[in-house]
Number of protein chains: 2
Amino acid sequence: MQQHGCILWFTGLSGAGKSTLSEAVARELRAQGVAVEVLDGDEVRENLSKGLSFSKEDRDTNVRRIAFVANLLAKHGVIAITAAISPYRAIRAEARAKSQAPFIEVFVDAPLAVVEARDVKGLYKKARAGEIPVFTGISDPYEAPLAPEVTVKTGEESIAQSTSKVLEHLRHAGLLGSV
Amino acid sequence: MQQHGCILWFTGLSGAGKSTLSEAVARELRAQGVAVEVLDGDEVRENLSKGLSFSKEDRDTNVRRIAFVANLLAKHGVIAITAAISPYRAIRAEARAKSQAPFIEVFVDAPLAVVEARDVKGLYKKARAGEIPVFTGISDPYEAPLAPEVTVKTGEESIAQSTSKVLEHLRHAGLLGSV
């Protein structure tokens, strides 16, 4: 049984649950003996993109770097999970086009009202107060995917339910070695 | 037979033959069915480090990024070959310390006189003329490894000979699945 790599590209607002969900999916996959790597937005910024701002150009550069690394892993049989906001449609399309492995876009769809009310990291409050000048959903657009492979509604579903949806898609796509 | 990943870290002056040798090693390994990825200095600068200068600080950042990506690949069973000049000892030591897989430093040892006389890319001439302000070996130090796992003398050896030395080391280290 040869494992097929792929890119599992989570996208969604800050606080929508990308990191939590990607870790839950990764845990499940590891338990099944699948090679998986999570490229979390914050971790990648620290290791690959320190010094970049949150301007559109720098965000695009950051996303390109994540895509570059995810592709390297995926072509060697790893399920590479990315969990950056990646708010712009065009650059996500570019990441998909350049991927040498299957590219599965997972829209972590939580309404702004919900994530702002939760405000786990207190960032929305700061963004509303103008303390963070560029912030997705507040002062910078989030362009929702038009045709994501998977949509999870983290405002309504449990993490277990959302995780199942993602795993179900991988299974049906034949990416877990057994369909 | 489970393949063990590792980092094969080439270091040496510009023009010493790092790219040529790393491609030759990669070709041999691929022919043996080994998963291998070359992170070439120029390619990595384009994809991970565009905008960085050649100051010590930015060079260190570039090398840290290469090490980060090489480690991700190596821990998933890939032989990750890096081929950047990586002139500073301390940052190579850091890359080694952070690696979660065996780290094999390959000193591509060609005398400055030899690589400058060849000057394949015409860079040494420009560096001597002051057109390139910071250039390893001319206006910036190259700190040779003190205890590299492999040393190849590309000024004296053929590419085939140097390639064999590297493969021989991998075999003896048990990193090719059969000792």
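Bear in mind that the values in this text are calculations on the coordinates, not laboratory data. These numbers were taken from a predicted model, which means no experiment stands behind them. Don't worry about glycine lacking a Cβ; one is built from the backbone with ideal geometry, like all the others, and counts go over all protein chains shown.
Looking at segment A:40-68 only, could you name the residues that are aromatic (Phe, Trp, Tyr), within 22 Å of A:ILE138 (Cβ to Cβ) and outside any loop (DSSP other than H, G, I, E, B)? Passing the criteria: none in range. Give segment A:65-80 a look and list any residue that's within 18 Å of B:ILE79 (Cβ to Cβ) and within 7 Å of chain B (Cβ to nearest Cβ), or say none. Passing the criteria: A:VAL69, A:LEU72, A:LEU73, A:HIS76, A:VAL78.
When restricted to residues that are part of a loop (DSSP other than H, G, I, E, B) and more than 15 Å from the chain's Cα centre (by Cα), segment B:148-179 contains 11. Might you check whether a residue that is out of contact with any helix residue (DSSP H, G or I) (no Cβ under 9 Å at 6 or more places or on another chain), more than 12 Å from chain A (Cβ to nearest Cβ) and without any contact (Cβ under 8 Å) to a residue 12 or more places away in the chain occurs anywhere in segment B:113-124? Checked against the condition, which is being out of contact with any helix residue (DSSP H, G or I) (no Cβ under 9 Å at 6 or more places or on another chain), more than 12 Å from chain A (Cβ to nearest Cβ) and without any contact (Cβ under 8 Å) to a residue 12 or more places away in the chain, segment B:113-124 yields at least one hit. Among the residues of segment B:69-91, those that are outside any strand (DSSP E or B) and either crowded, with 21+ Cβ neighbours inside 10 Å or of a type in the set (Phe, Trp, Tyr) (or both) comprise B:VAL69, B:ALA70, B:LEU72, B:LEU73, B:ALA74, B:HIS76, B:VAL78, B:ALA84, B:ILE85, B:SER86, B:PRO87, B:TYR88. Would you be able to say whether some residue in segment A:127-146 is part of a helix (DSSP H, G or I) and surrounded by fewer than 19 Cβ atoms within 10 Å (Cβ to Cβ)? Checked against the condition, which is being part of a helix (DSSP H, G or I) and surrounded by fewer than 19 Cβ atoms within 10 Å (Cβ to Cβ), segment A:127-146 yields at least one hit. With respect to the conditions (1) without any contact (Cβ under 8 Å) to a residue 40 or more places away in the chain; (2) over 26 Å from A:ILE81 (Cα atoms); (3) among the basic types (Lys, Arg), B:ARG89 falls short on a single one, namely (1).
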